[in-house]
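Single-structure report; data block below.
The values are calculated or read from the model by the stated rules, or taken from the named source; none is laboratory data. Please read all numbers here as calculations on a predicted model, not as lab measurements. When we count neighbours, we look across all protein chains shown, and the Cβ atoms used for this are built from the backbone with ideal geometry, even at glycine. Accessible surface is based on the protein model in full, side chains and every heavy atom, while ligands, DNA and RNA are left aside. Shrake-Rupley method; radii C 1.70, N 1.55, O 1.52, S 1.80 Å.
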Amino acid sequence: MLIGEVARRSGVSARMLRHYESLGLVRPSGRTGSGYREYSAEDVRRIFHVESLRAVGLSLREIGRALDDPGFTPSALVDELIRRTRERIAVETELLTRLHRVHATDPAGWEDVLQVVALLGALGSESADARQRAALASGDEVPVEALVEAALGEGDPHVAGALRWALARAGGSGPALLAEGLGSPEAAVRERAVRSLAEMPGDEATALLGNALASPDDVVRGRAALALGARGVADAVPALVDLVVAGTNDTDAADALALLARDATVADRITAALADRLSRDTTGAPARGRLTQALAGIAGPASSRALRGLLDDEDRAVALTAAYLLQLRDAG
């Protein structure tokens, strides 16, 4: 079979067949009397083998080894092909994501496109200053998805603060995307997600923070409670009391409880929760001291009764603190 016929049957151009021959991949078995290349059926089968191996990503050099080396084992090369393919997919996926984000801004002209590309590139810069400037300049040019991704991965506190500010201004799907970060297997990502969500305005963010009160992560639950307390959400009371007991952000938690206690009904609920924790044998002396001090910010007769009940407490420090707080109330 001459080269033209082989090219028609195999779909491989005559030029490529000559290139294969120059590399030693496929050599025609013979020549005609006029000197034309003549391919046998076995030569054609080898051409198809070469094309099949090219289709799975092998280089021509690797194909030569695979076909001619009797000791060649394909497993290692296939593993390498898998690694290369994954890297290529990751690069293409990143490009596709960036293109979607540029498209989402509905650019009016190429200058808009270049502005978005520049900001997206700056958000991924190794320079913290560049990332911070990009966050502060993001405006409407950067899609909220890109801001959320940057915020969840940002370790520099100054840049993270700028990104949270940008997200709070961006709105849109930001709260829902941040809520997805609350389920991350990485604790740092979960904390960044709840910190960002806490600074998002609106009812959606408040509802998502309410859901976070059920998180098994103490940090997520605590930060959600502090944010909800500042928003006047009474459901945060149990988690805020837990913070007081744990001594984690206990001052902020006590302030949030005092804010919530402006509602008389909620004040009684807070008093009951604090008194209940004070009565537990498992609550250590430092925690009981913090719980007693937290009662100072809760107005009303219920908290006064709770303080009077502590005047004879076995813990002398708790009793003295309760007496002092009652004196302040009487003097006021």
**Asked** segment 125-150 to segment 240-319: how many Å between their Cα centroids?
**Response** 42
**Message:** Need one number: nm distance between label points at A104 and D312, each 7 Å from Cα along Cα→Cβ, rounded to one decimal.
**Reply:** 6.5
**Message:** Taking the square root of 5 times each eigenvalue of the Cα gyration tensor, what semi-axes in Å does the equivalent ellipsoid of segment 251-315 have, largest first?
**Reply:** 19, 13, 9
**Fill in**
D276 and A299 label points (each 7 Å along its Cα→Cβ direction) are spaced in nm at 2.5
**Request:** Give, as a single signed number, the net charge of other residues whose beta carbon lies under 14 Å from the beta carbon of S52, with Lys and Arg counted +1 and Asp and Glu -1.
**Result:** +1
**Prompt:** Relative to the present Cα-Cα distance, how much length would full extension add between T85 and M16 at 0.36 nm per residue of separation?
**Reply:** 22.4 nm
**Complete:** Lys and Arg at +1, Asp and Glu at -1: neighbours of I3 with Cβ under 15 Å from its Cβ sum to +4
**Complete:** Rounded to the nearest 10 Å², the accessible area of I89 using a 1.4 Å probe with every protein chain kept is 100
**Fill in**
A correct Stokes-Einstein calculation for segment 135-218, using the alpha-carbon Kirkwood radius, 25 °C and 0.890 mPa s, returns a whole-number D in µm² s⁻¹ of 196
**Message:** With the crude spin-label approximation of a point 7 Å out along Cα→Cβ, what separation in nm comes out for A187 versus L136?
**Reply:** 3.2
**Request:** On the protein heavy atoms, probe 1.4 angstrom, tell me the percent of accessible surface of the chain carried by carbon and sulfur.
**Result:** 53
**Complete:** Distribution output for the chain: share of Cα-Cα pairs per 20 Å bin in percent, first bin at 0, values 23, 29, 24, 14, 8, 2, 0
**Request:** Report, in deg cm²/dmol and to the nearest 500, the calculated mean residue ellipticity at 222 nm for the chain, where each DSSP H run with n ≥ 4 adds -39500 (n - 2.57) and the sum is divided by the residue count.
**Result:** -22000 deg cm²/dmol
**Item:** Per-peptide average of other Cβ atoms within 10 Å, ordering 60-67, 163-170, 74-81 highest first
**Value:** 163-170, 60-67, 74-81
**Prompt:** Which number do you get for Rg(Cα) / (2.2 N^0.38 Å) in segment 204-319?
**Reply:** 1.03
**Prompt:** Net charge near T206, counting Lys/Arg +1 and Asp/Glu -1 over other residues with Cβ under 11 Å of its Cβ?
**Reply:** -2
**Asked** At a Förster distance of 25 Å, what's the computed FRET efficiency of D330 paired with T265, Cβ-Cβ distance as r, to 0.05?
**Response** 0.50
**Complete:** Note to self: with every protein chain in place and a 1.4 Å probe, the chain gives an accessible area per residue in Å² of 56
**Item:** Segment A230-R9, extension gain: residue separation times 0.36 nm, minus the distance between their alpha carbons
**Value:** 72.0 nm
